[in-house]
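Peer 1: Please find one structure pasted underneath; my questions will follow.
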Amino acid sequence: MSEGIDRATAQWYVETALVRLLAKADELVDGGEELLSRQPDLEGANSVFAIITHCCGVLEHWGGEVIAGRETNRDRASEFTATGTIDQLEERVSAQLRRWRADLADFDAGEVPRGPTERYEGEPDVITQGFVVLHVIEELFQHLGHVDLTVDLLTGS
């Protein structure tokens, strides 16, 4: 393996974020399952179900398409309007986690991704698989913060 984050560490962070996201969803449904798909009364706010669905889309795109080079059919816009039950959300996350593990089977932090990458201002000249994994972790924990705030807004905590 090249220098950088290793697969086991990446897996631990991704799985930890997903466990924490689902724990917040479970906490929210204690107040009624309809809260899972409810948006707070703030412009541009998303429901917990939508945010966690979006996190699955992040894993699908960056892990499947970018790192593994697997063709994906992500509909990013629909992630933010997704609704459902806690059981559906848990199954969605579980299925996505299985795909993520498979997508990272040949992960090498120092190698370039197998799929297409877009360059954004401020990124390094060479995008590596390790860079992409760290981006995924960054996104998951950022959205965990969004879920924390959303739960607080919906429950009045």
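The values are calculated or read from the model by the stated rules, or taken from the named source; none is laboratory data. Keep in mind that this is a model prediction, so the values were computed, not measured. When we count neighbours, we look across all protein chains shown, and the Cβ atoms used for this are built from the backbone with ideal geometry, even at glycine.
Peer 1: Given the options 30, 26, name the one that is surrounded by fewer than 16 Cβ atoms within 10 Å (Cβ to Cβ), at negative phi and touching a residue at least 12 places away in the same chain (Cβ under 8 Å).
Peer 2: 26
Peer 1: Name the residue, out of 36, 21, that is of a type outside the set (Phe, Trp, Tyr), under 23 Å from residue 153 (Cα atoms), in contact with a Ser or Thr (Cβ under 9 Å, 6 or more places away or on another chain) and buried (at least 17 other Cβ atoms within 10 Å of the Cβ).
Peer 2: 36
Peer 1: Another one. Scan the stretch 118-150 residue by residue and report those that are surrounded by fewer than 19 Cβ atoms within 10 Å (Cβ to Cβ), more than 23 Å from residue 102 (Cα to Cα) and of a type in the set (A, V, I, L, M).
Peer 2: 126, 149
Table: residues versus (1) in a helix (DSSP H, G or I); (2) over 28 Å from residue 29 (Cα atoms); (3) at pLDDT below 95.
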| residue | (1), (2), (3) |
| --- | --- |
| 52 | yes, no, no |
| 60 | yes, no, no |
| 108 | no, yes, no |
| 122 | no, yes, yes |
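Peer 1: Next question. When you scan the stretch 108-117, how many residues do you find that are surrounded by 13 or more Cβ atoms within 10 Å (Cβ to Cβ) and either under 24 Å from residue 80 (Cβ atoms) or of a type in the set (Lys, Arg) (or both)?
Peer 2: 3
Peer 1: Next question. Return yes or no: is residue 78 of a type in the set (S, T, N, Q), more than 18 Å from residue 144 (Cβ to Cβ), assigned to a helix (DSSP H, G or I) and modelled with pLDDT of 95 or more?
Peer 2: Yes.
Peer 1: If you don't mind, another one. Give me a count of the residues in the stretch 96-107 that are over 16 Å from the mean Cα position of the chain (by Cα) and buried (at least 16 other Cβ atoms within 10 Å of the Cβ).
Peer 2: Looking only at that region, the number is 1.
Peer 1: So residue 39 clears everything in (1) within 30 Å of residue 118 (Cα to Cα); (2) more than 11 Å from the chain's Cα centre (by Cα) except one condition, right? Which one?
Peer 2: (1)
Peer 1: I'd like the full set of residues that are touching a helix residue (DSSP H, G or I) at 6+ places or on another chain (Cβ under 8 Å) and charged (D, E, K, R), limited to the stretch 85-101.
Peer 2: Selection gives 90, 92, 99, 101.
Peer 1: Still on this structure: Across the stretch 93-106, what is the total count of residues that are part of a helix (DSSP H, G or I) and free of Cβ contacts under 8 Å to residues at least 40 places away in the same chain?
Peer 2: Of the residues in the stretch 93-106, 4 are part of a helix (DSSP H, G or I) and free of Cβ contacts under 8 Å to residues at least 40 places away in the same chain.
Peer 1: Could you list, in sequence order, all residues of the stretch 58-95 that are touching a Lys or Arg at 6+ places or on another chain (Cβ under 6 Å) and either loosely packed, with under 15 Cβ neighbours inside 10 Å or under 21 Å from residue 35 (Cβ atoms) (or both)?
Peer 2: Across the stretch 58-95, the qualifying residue is only 69.
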